[in-house]
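Asker: Pasting a structure here, questions to come.
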Amino acid sequence: MKKLLATLVFGTVLSMTMALNANAEGVIGLIFKEATEAGGGASPIVATKVGSATAKSYFGIVALGDASITAAMKDGKIRSLSHYDIETLNILGFKKVTTKAYGQ
């Protein structure tokens, strides 16, 4: 009975994780993901500076950090944003998202 309950709980958590990933990301990697995706911005500004900001999530239970564009711009001392990218690393429930801002 305990094995059945554990299997049901695991299946439910897995299904919920897949649904959340499908809504939030373009590239999905439930067990492993290491990808860089274009965040946005198509400004004619030539990028001479780069700033980054990171947030981490542990099994979808605890999330820490600030991966906002504003934090990345502040890190790189950027006043005018050219564009930004989002790097994601996901390994069995540990997820790290880094936003890289480019500009002047």
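Asker: Which of the residues that make up the range 51-67 are more than 10 Å from the chain's Cα centre (by Cα) and touching a residue at least 12 places away in the same chain (Cβ under 8 Å)?
Answerer: Of everything in the range 51-67, those that are more than 10 Å from the chain's Cα centre (by Cα) and touching a residue at least 12 places away in the same chain (Cβ under 8 Å) turn out to be 51, 52, 53, 58, 59, 60, 65, 66.
Asker: Would you kindly identify the strands (runs of 3 or more DSSP E) lying entirely within the range 1-68 that contain at least 1 residues that are modelled with pLDDT of 75 or more, closer than 20 Å to residue 80 by Cα and in contact with a strand residue (DSSP E or B) (Cβ under 8 Å, 6 or more places away or on another chain)?
Answerer: Of the strands (runs of 3 or more DSSP E) lying wholly inside the range 1-68, those with at least 1 residues that are modelled with pLDDT of 75 or more, closer than 20 Å to residue 80 by Cα and in contact with a strand residue (DSSP E or B) (Cβ under 8 Å, 6 or more places away or on another chain) span 32-40, 49-58.
Asker: Still on this structure, please answer the following. Kindly provide the set of residues from the range 64-101 that are of a type in the set (A, V, I, L, M) and exposed (fewer than 13 other Cβ atoms within 10 Å of the Cβ), ordered by number.
Answerer: 64, 91, 92
Asker: Can you pull out the residues in the range 42-59 that are more than 18 Å from residue 103 (Cβ to Cβ) and of a type in the set (S, T, N, Q)?
Answerer: Passing the criteria: 54, 57.
Asker: Something else now. Go through the range 69-104 and count every residue that is outside any strand (DSSP E or B) and closer than 30 Å to residue 10 by Cα.
Answerer: Number of matching residues: 2.
Asker: Restricting the first residue to the range 86-98 and requiring it to be in contact (Cβ under 8 Å) with a residue 60 or more places away in the chain and within 20 Å of residue 51 (Cα to Cα), which pairs with a second residue that is assigned to a loop (DSSP other than H, G, I, E, B) and open to solvent by 60 Å² or more (accessible area, probe 1.4 Å) meet a Cβ separation below 9 Å and a spacing of at least six or different chains?
Answerer: 88/27
The values are calculated or read from the model by the stated rules, or taken from the named source; none is laboratory data. Computed from a predicted structure; not experimentally measured. Heads up, the Cβs are rebuilt from the backbone with ideal geometry, glycines too, and the neighbour counts pull from every protein chain shown. Remember, those area values only see protein heavy atoms, side chains included, never the ligands or the DNA or RNA. Shrake-Rupley method; radii C 1.70, N 1.55, O 1.52, S 1.80 Å.
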